[in-house]
Amino acid sequence: MICLGIESTAHTFGISVIKYTKKLEVLSNVRDLYTTESGDDVEGMIPFKVSQHHLDCCDSVFKKSLELANVKLSDIDLISFSQSPGLGHTLRIGSMFAKFISRIYDIPIVGVNHCIAHLEIGRALAQDSFGKGCKDPVLLYASGANTQIIAYAEGKYRIFGESLDIGVGNFLDTLARYMGLGFPGGPKLYELSKKFTTKNHRVINVPYSVKGMDVNFGGILTFLKRKYDSKEYNSIEIAYSAQEYVFAMLIEVSERAMAHCGKTELLLGGGVACNLRLQEMAKIMCSERNGKCFILPNEFNVDNAAMIAYLGCLVFKSTGPGKIEDLDISPYLRTDDVDVTWR
Ligand code: ATP
Ligand code: FE2
């Protein structure tokens, strides 16, 4: 079947065309990202501006995605859109776009959960260092808005640990913005951190904040903002120390979840999973406990519509199409509220 996926939970508007029979084939995966520059324009994501961005780019992303995939609308068997969770403003744009095409061209439609799409695309496409795929991983889902440790148990994707306040990407972005680096800040902090040398720089003793299986970043953010204001440490030291501490916290809880569930596979997902230092730490932890670490190409770590299309196919095959009138957006739906009917 050929499925058109639409992603619009936050800063990314994406449209992808996939072909899925027994194997997943991504025919196109086009995205347009709302960004701000460094300097004065450091406000981050203002919901109405992001939704305006999605409105402005939706038709060109759509056209490009069909062209790249070399398909016509009449070839599409299914439309899948991100229904939950996310910003109401932006979810509404994707859902309206999806419903409009479904209604006018009479194509079946399903709505899917964005967080679970991150996990399922990982099960389909992520590889370990030997090129092998995973079956039943613990997912360290580290993105802007979300930070969760998720694993499958008894019909649901359960959250074994999570951030009690902001997502780790949000933490990195806010810190970077405070330091005048612009948005998104994760990659900018990473570039700075690479300049760290033990000879020329000092590691900051950051407060490590793991509570049971959960983490939080608010206190660390305030602490590092103060260090930045006091000019006691430079930007390289702040970027490096921030990454080392918060990634260690994430790896600690991921390891504990693997031990608790008796699972041997760790999958990284979400935009922050693009970070090579986080990937390195995850690989070391897995190899020390004879586990395996699975990494996706970056285009499937960040928000993307291919994962929405793929999960749409899984949902459609197990429960059939949805009814347009039942497919309201659900900005606050949690991962463990979704019935996993396709496993
Ligand atoms: P979600 O809706 O799943 O919460 P999101 O809307 O935050 O996701 P993603 O694309 O999954 O979007 O993640 C974006 C985050 O990833 C941003 O916070 C960005 O700074 C971070 N990021 C992207 N690349 C890197 C990198 N190389 N290192 C660290 N962080 C990164
Ligand atoms: Fe995401």
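May I ask which of Lys49/Lys211; Lys195/Lys283; Lys135/Lys211; Lys135/Lys317; Lys63/Lys135; Lys194/Lys231 have a Cα-Cα span longer than 26 Å here?
Numbers: Lys49/Lys211 36 Å; Lys195/Lys283 22 Å; Lys135/Lys211 29 Å; Lys135/Lys317 19 Å; Lys63/Lys135 35 Å; Lys194/Lys231 20 Å.
The answer is Lys49/Lys211; Lys135/Lys211; Lys63/Lys135.
Residues whose amide H falls under 5 Å from that of Ile166, counting only those 5 or more places apart or on a different chain, are Phe217, Gly218, with hydrogens built in the peptide plane. Excluding the site residues themselves, the longest part of the chain lacking any GluC sites (Glu not before Pro) in a DSSP loop with at most 11 other Cβ atoms within 10 Å is 155-343. Backbone amide hydrogens, once placed in the peptide plane, bring Val110 within less than 5 Å of Ile79, Ser80, Phe81, Gly322, excluding anything fewer than 5 places away on its chain. For segment 192-278, applying the loop criterion from DSSP together with a ceiling of 16 other beta carbons within 10 Å to the trypsin sites (Lys or Arg not before Pro) yields Lys194, Lys195, Lys199, Arg202, Lys231.
Mean sequence separation of contacting Cα pairs (under 8 Å, at least six apart), scaled by the length of the chain, corresponds to a relative contact order of 25 percent.
Taking all Cα-Cα distances within segment 131-295, those exceeding 26 Å account for 26%. If you wrap the chain in the convex hull of its Cα atoms and look at it from every side, the mean projected area works out to 17.2 nm². Partnerless cysteines in the chain, where a partner means another cysteine C-beta under 4.7 angstrom, comprise Cys3, Cys57, Cys58, Cys115, Cys134, Cys261, Cys274, Cys313. Free of any chymotrypsin sites (Phe, Trp or Tyr not before Pro) that DSSP assigns to a loop and that have at most 15 other C-beta atoms within 10 Å, the longest stretch within the chain is 1-129.
Laboratory data are not the source of any read-out in this text; all were calculated from the coordinates shown. Nothing here was measured: the structure is a model prediction, and the numbers come from that model. Because the Cβ atoms are built from the backbone with ideal geometry, glycine has one as well, and the counts that use them run over all protein chains shown.
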